[in-house]
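The values are calculated or read from the model by the stated rules, or taken from the named source; none is laboratory data. A quick note: this is a predicted structure, and the numbers were derived from the prediction, not measured. Reconstructed Cβ throughout: ideal geometry from the backbone, glycine too, with neighbour counts over all protein chains shown. Areas reflect the complete protein model, heavy atoms only, side chains present, ligands, DNA and RNA absent. Shrake-Rupley method; radii C 1.70, N 1.55, O 1.52, S 1.80 Å.
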Amino acid sequence: MVVTGSVVGLCLLTKYHYAEVRQQLAAADALYNDEPGSHDGATVPMLDAAQPAAVLLVGKHRGASMHALLWVLRLFPGHFRNFVFLAVGEVDAQSYAGPEKMQKLRETIEKSLRYYTDFCHRHGLA
């Protein structure tokens, strides 16, 4: 009974932890829920191959991805002027349910990438 009770208790703690993390991710996503305005081609900084580039993996949680971007800017002020965003999309059995599901995933990823690039362009970053 002690072993079974311990396993059940561990499972309940894990479930509570996952719920807490989900709640924190939702709160962080809500901070970056607005859409930044896009810029015209004249104000978009061009990539400079002579400058270092930061490569960031971004996913469906905009708050976590923006936190990573802001963390890079804070840890290395002025060092990185080029940013490359690699979008990560979760493809599972539901995504293969039909072409409309894959198209929705693609649109979600493209929308996120536009958000990050618009953010960088507003702050003079390529």
Residues within the stretch 77-108 that are modelled with pLDDT of 80 or more and touching a Lys or Arg at 6+ places or on another chain (Cβ under 8 Å), tallied: 1
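Any residue at all in the stretch 45-54 that's of a type in the set (S, T, N, Q), modelled with pLDDT under 90 and in a loop (DSSP other than H, G, I, E, B)?
First, pick out the residues of the stretch 45-54 that are of a type in the set (S, T, N, Q): 51.
Adding the requirement that they be modelled with pLDDT under 90 leaves 51.
Applying the additional criterion that residues be in a loop (DSSP other than H, G, I, E, B) yields 51.
There is at least one residue in the stretch 45-54 that is of a type in the set (S, T, N, Q), modelled with pLDDT under 90 and in a loop (DSSP other than H, G, I, E, B).
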Residue under evaluation GLY5, criteria (1) farther than 19 Å from SER112 by Cβ; (2) not in a helix (DSSP H, G or I), criterion not met: (2)
The stretch 78-115, residues that are open to solvent by 100 Å² or more (accessible area, probe 1.4 Å) and of a type outside the set (D, E, K, R): GLN94, TYR96, PRO99
